[in-house]
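Heads up: the structure comes next, in structure tokens.
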Amino acid sequence: LTFSLTLFDDGGGGGFAVYNSTQEFSVQVVPVNEAPVFRLAASTLAVNEDSCGDMQAYTIDRLVVVGCGEGEALLHKVGAFAQAISLGPFENGEAECLENPVSECEAQEGKFTVEAENEALALSVFSERPAISWPNGTLTFAIQEHGFGKVAFKVSLSDAFALDNSSLTSRVLFFDIDVLPINNPPIFTLLDNTTATVESTNGSTRFTERLASGIAADAFGREAHQKLLFRIELDAKGREMFTEEGQPKMRIAGAEAWIEFENAEFQFGVTDGYVVLQDDGGVERGGTDETRFPLKIQVCPVNQAP
């Protein structure tokens with residue numbers, strides 16, 4: 001800003017007398033950089049295992065994204081996750097100057113930095129690390145196939161190209177991304193063509209045979225903490241072939257299982273049912289907690305003396 005300063009005396013201005021003097025001077029207001037500010041739309045973002053989504057974030061505490069087409073990348077995009085973004089007063093470019101014509105504006109640039117609190121956990125959950133774009137505040141990330149877990153992040157916004165050559169960083173904000181597990185079915189292989197055969201004799205007969213192998217809580221090795229339980233499903237007629245205490249059951253030993261039963265005296269025939277392996281992971285959010293195979297048990301008659 002340029003000013004004119006004039007000094008007058010009271011001697012009058014007759015003849016060639018000079019009774020005033022004028023000088024000009026300038027005042028320059030040097031800009032001082034201000035730290036950027038922003039806020040987050042949510043403190044926790046929840047998505048399902050093996051999901052993808054494209055959505056807008058609103059000011060709520062918990063958001064859920066579901067669904068992903070077969071073969072799609074597990075990419076998530078959350079628009080306006082960072083909101084009320086400002087690099088500082090009169091530091092956001094020409095648009096801000098048009099709104100406030102009384103002042104000149106700086107055209108600074110910003111950059112968001114997102115860091116995981118637990119790097120090892122983040123590597124197991126994300127195939128593409130969370131990032132927030134400037135200036136629109138869009139959050140993007142991709143999750144690992146069959147990965148899940150809750151990862152904490154911290155995020156800050158830094159400015160650049162300030163007229164005073166400084167660079168300032170905002171205060172750090174925190175948010176979590178919770179990739180919710182969806183239970184995968186347990187796996188096993190049924191042996192011997194799904195048929196167990198025993199002969200019926202005078203008195204009951206106890207039968208034991210290895211019937212299953214390759215037993216695991218899931219096919220991907222991520223649910224080994226789950227408990228497994230076999231059961232054999234037969235109709236009422238089929239159960240009559242066995243003693244009350246000797247109903248067919250499965251005994252697990254490591255990755256294998258044996259079928260055990262005791263046939264009732266003089267009972268024989270064929271019964272069809274299912275052998276079912278169930279885990280304790282539940283069926284929330286569309287999960288699957290059991291795998292079943294058809295099972296045939298054949299008790300052969302033994303000729304009795306007349």
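Table for the structure above
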read-out	value
Solvent-accessible area, 1.4 Å probe, carbon plus sulfur percent, for segment 164-293	49 percent
Anchor K227: aspartates and glutamates whose Cα lies under 20 Å away (excluding residues fewer than 8 positions away in-chain)	D218, E256, D279, D280, E284, D289, E290
Reachable lysines, given that their alpha-carbon falls under 17 Å from the alpha-carbon of K237 and they are not under 8 places away in the same chain	K249, K296
3J(HN,Hα) from dihedral phi, segment 122-139, Karplus parametrisation 6.51/-1.76/1.60, rounded to Hz, x for glycine, proline	4, 5, 7, 9, 10, 8, 10, 5, x, 9, 10, 8, 10, x, 8, x, 6, 9
Per residue solvent-accessible surface (Å²) - segment 243-306, probe of 1.4 Å	57 Å²
Eligible lysines near K77 by straight Cα distance, threshold 28 Å, same-chain separation 8 or greater	K111, K150, K154
Compactness relative to 2.2 N^0.38 Å, alpha carbon Rg of segment 155-285	1.96
Computed E for T189/A131 - FRET, C-beta separation, R0 41 angstrom, nearest 0.05	0.45
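The values are calculated or read from the model by the stated rules, or taken from the named source; none is laboratory data. On a predicted model such as this, the values are computed, not experimentally measured, just so you know. Quick reminder, even Gly has a Cβ in these numbers, built from the backbone with ideal geometry, and neighbours come from all protein chains shown. Surface areas here come from the heavy atoms of the whole protein model, side chains and all, with no ligands, DNA or RNA. Shrake-Rupley method; radii C 1.70, N 1.55, O 1.52, S 1.80 Å.
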